[in-house]
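Visitor: Below is the structure I would like to discuss, written out as structure tokens.
No lab work stands behind these numbers, since they all come straight from the coordinates. Keep in mind it's a predicted model, so treat the numbers as computed, not measured. So basically every Cβ, Gly included, is an ideal-geometry build from the backbone, and we count neighbours across all protein chains shown.
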Amino acid sequence: MITLTREEAQQVLDAFKVATTHFAKDRQEILAARETLRARLSAPEPEPVAWGVLNTRPTERQTLMMVMIDQPPPSDFVVPLYLAPPQREWQGLMDELRRLHEVNAELVEALEEATEKIADWGAYAGEYFQNKYDLQADIDKAKAALAKATGENND
């Protein structure tokens, strides 16, 4: 299982914005994951119930040397203790994000290929049929979709 810091989770949320093109087959999945992550990040952090001082004696097996109820001054040896460990349901989303980025890349590649084939095969049609079915508009629409999917548009 992957553990993310709050800052890393925010970076994942920002990356979801890039992965949500109108052509992604899994767009609804990405949007749902993004909303779940946004909700988790906006939830308040749990309050510690005590603080533990880490054991620095190598001969002792206990992790904590002592536990304090009042918050001590900040130190590298002081750790917050919770009634229950903080729940991080967004853990494991990195694998899903990687998978969705791969799917998105495949879809962009397929759209590039389809755009080229529309233009190539359309050239075989006579001028009458190209104008009748507005082939150039279809090519332009596919190119605009590709530019939007790859972030090359200036909107």
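Visitor: If you take every residue apart from LYS143 with its C-beta less than 11 Å away from the C-beta of LYS143, what net charge results, scoring Lys and Arg +1 and Asp and Glu -1?
Guide: Net of charged neighbours comes to -3.
Visitor: Find, among the GluC sites (Glu not before Pro) in region 87-151, those assigned to loop by DSSP (not H, G, I, E, B) with at most 12 other beta-carbon atoms within 10 angstrom. Before the final figure, lay out each step's value.
Guide: Numbers: sites: GLU89, GLU96, GLU102, GLU106, GLU109, GLU112, GLU113, GLU116, GLU127; in loops: GLU89.
Hits after loop and neighbour filter: GLU89.
Visitor: Something else: Can you sort TRP121, TRP51 by how many other beta carbons sit within 10 Å, fewest first?
Guide: Least crowded to most crowded, the residues run TRP121, TRP51.
Visitor: Let me ask you something else. List the residues whose amide H sits under 5 Å from the amide H of ASN55, counting only those 5 or more places along or on another chain, with H placed 1.01 Å from N in the peptide plane.
Guide: Close amide H contacts, sequence-distant or interchain: LEU64, MET65.
Visitor: Provide the percentage of antiparallel DSSP beta bridges, counting only those with both residues in region 46-85; round to the nearest 5.
Guide: Once the DSSP bridges in region 46-85 are tallied, antiparallel ones form about 100 percent.
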